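Working notes, beginning with the structure itself.
The values are calculated or read from the model by the stated rules, or taken from the named source; none is laboratory data. Only a predicted model underlies this, so the values are computations on that prediction, with no experimental measurement involved. Here the Cβ positions follow ideal geometry from the backbone for every residue, glycine too, while neighbour counts run over all protein chains shown. The area values use the complete protein model at the heavy-atom level, side chains included, leaving out ligands, DNA and RNA. Shrake-Rupley method; radii C 1.70, N 1.55, O 1.52, S 1.80 Å.
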Amino acid sequence: MSNTDQLGLLMARLRDLPAAEAVAEVRKYFEGLDRDAAIQLADERPDEVGELDGAPIELRYRANHLRLTRDRNELLAKSTAGEPSGHDEQRLRTLNRLMTPITELGTDQVGRPIPIQRERQFLALDNDGDGKVVEVFGDLRTARNVATSINGIRVDEEDVFAYENYVQALRTEAGPESATIMWMGYDSPDGLDAASPKVAYEAADKFHRFSAGLNAVIRHDARTTALGHSYGSLVTAQAVRMGAEFDNVAFAGSPGLGQDIRTAADLGAPNTRFFAARAPGDYVSYSQWFGRDPAEMPGVVRLQTAGDVSVRGHLQYYRPNSESLRNFGRIVRSDYHAITETGTSVGQETRLAPGISWAGPLRPISTAAGKAFDGVARLTGVRPPSPATTTTSQRRPSEQCRQEGPTR
C-alpha cells in the first residue's frame, strides 16, 4: 500500500478519535516514514498534511506553502484570462502578500535581538470562502514560551495583516525566547450568527485538536499561553473545558465564556492560570451576552489596562507600549510577579455623573437577552461541547518563574 493510501486510511480513523489519541496516531505514522518519503507525501497531499495536527511542523510549513503557491497561480490565471470576480482580485492581492517574506525579531549568536527576514510559516491555510490562516512568528522548535492568539467575529483572510501586527507586537513584548501563533482557524461569525454560541462550540473542537498537536511538537518544557479576544474568548474557554491544555489562558474583551461558566473552576483546568482584561468602555465585556464576565470571576486575575498609553473600548488591547500589552507579555513569559492588576467596577469605568453610569442600566438587559437567546439556541440543539472526562493534566502546573523579556 502506498504512503498516500495509508494517509487516507489514517485521516478516516482520526475523525472518531479524541484529540490526544489522534495526535499520537499522527506522530506514530510520520515516525515510520523516512525524510524523503515524508517530503514526498507533503508534496503530493498538501491539503491533508498542511492541516494535520501532530505532523512535523516543517512538513506543514512546506505543504501550506505549496497550497498558497497553487491557489495563487490559479487566481493569477483567472485574472490573466479576464475572468476574476471582485472577490478573486482581492484574494489574489492577499495571497501575493502572503507569499512575500517577512521581517521579524530574531537573535544573533550571542542571543541579542536582531531583525531577520524569512518565508512565512503556516500551520494551516485554507483559501476558500472567507479563508482560514494559522501563522507562526518565531521558532516553535526552540521557543521557551509559545502563545496563541484567537480572533473574534467578522474576520476573514483579508484581515490577516492587521492581526499579524497584534501577534508580532505580543512576541516583541514577550521577548526573544518566545514564539506567537495567529490562530484564525475557524469561520468567524458575523451578523446574527455572532449572537449565537454555535460557531464557537464548533471552533472549540478545532482549537482543542490544534492545541494537542501543538503540545506534541514544541519543547517539552515550553510554557504555553492562549489569548482569546472577544468571541475568541468563548472559543478558547470551551476548548479548555474540552481538555485543551495551557499553562496560562487570558481573555480580553470577553462577552462571556458560556452561560454555565461562573468561576475559573468551572473550566476544569486546575493547573492553568487564568487572566482577564476589560478596558474602560468595552461594551462587549459589559454585555455578558454569553455569560458572566471573566474579569469578575473568582479564580481569574483581572489585568490592569490603564497606563501611559490609553486603552479604551473593545479594540485597543494590543496597543504598543500599553499596560494591557505589557501584561500579556508578562503572562507569556511567566513573569507573574510583574503583572499589574485592577479592580475597577463597571460603574467607575462608565461614570457620567455621580451615581450615574451609561453601562449600568444596559448590562442587566443585555445579560437577560443573552440568556434568552441561549435558551432558544439550546431548543434547536445548540449545546456546549462535553467537558473533559478527566481533570488529570498531562502538563505540569505553572511555576512562578521569570524568563528574559523587556524590562517593564
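List of remarks:
- Residue satisfying all of: in the range 64-82; under 14 Å from R93 (Cα atoms) and in contact with a strand residue (DSSP E or B) (Cβ under 9 Å, 6 or more places away or on another chain); most open to solvent (accessible area, probe 1.4 Å) among these: D71
- Residues that are hydrophobic (A, V, I, L, M, F, W, C), surrounded by 19 or more Cβ atoms within 10 Å (Cβ to Cβ) and under 19 Å from L234 (Cβ atoms) do not occur anywhere in the range 166-178.
- Residue within the range 163-172 that is within 29 Å of R330 (Cα to Cα), aromatic (F, W, Y) and part of a helix (DSSP H, G or I) present: yes
- Unique match (being more than 15 Å from the chain's Cα centre (by Cα) and either open to solvent by 20 Å² or more (accessible area, probe 1.4 Å) or of a type in the set (D, E, K, R) (or both)) among D156, D139, D187: D139
- Residue count, the range 100-124 (criterion: at pLDDT below 95 and under 24 Å from Y186 (Cβ atoms)): 1
- Residue satisfying condition, being of a type in the set (S, T, Y), over 25 Å from M99 (Cα atoms), open to solvent by less than 70 Å² (accessible area, probe 1.4 Å) and out of contact with any Ser or Thr (no Cβ under 7 Å at 6 or more places or on another chain), within set Y61, Y29: Y29
- Filtered residues of the range 173-208 (kept if in a helix (DSSP H, G or I) and among the aliphatic types (A, V, I, L, M)): A174, L192, A194, A195, V199, A200, A203, A204
- Subset of the range 332-371 [touching a residue at least 40 places away in the same chain (Cβ under 8 Å) and among the β-branched types (V, I, T)]: V332, I339, T342, T344, V346, T350, T367
- Among the residues making up the range 45-69, a single one is assigned to a helix (DSSP H, G or I), touching a residue at least 40 places away in the same chain (Cβ under 8 Å) and of a type in the set (G, A, S): G50.
- Residues located in the range 312-349, provided they are of a type in the set (A, V, I, L, M) and surrounded by 23 or more Cβ atoms within 10 Å (Cβ to Cβ): L325, I331, V332
- The C-beta contact set for the range 231-251 (first residue under 15 Å from T389 (Cβ atoms), second residue assigned to a strand (DSSP E or B) and not basic (K, R), distance under 8 angstrom, 6+ apart or interchain) comprises V240/A226; V240/V249; A244/A226; E245/T224.
- Among the residues of the range 296-333, those that are touching a helix residue (DSSP H, G or I) at 6+ places or on another chain (Cβ under 7 Å) and among the β-branched types (V, I, T) comprise V300, T305, V311, V332.
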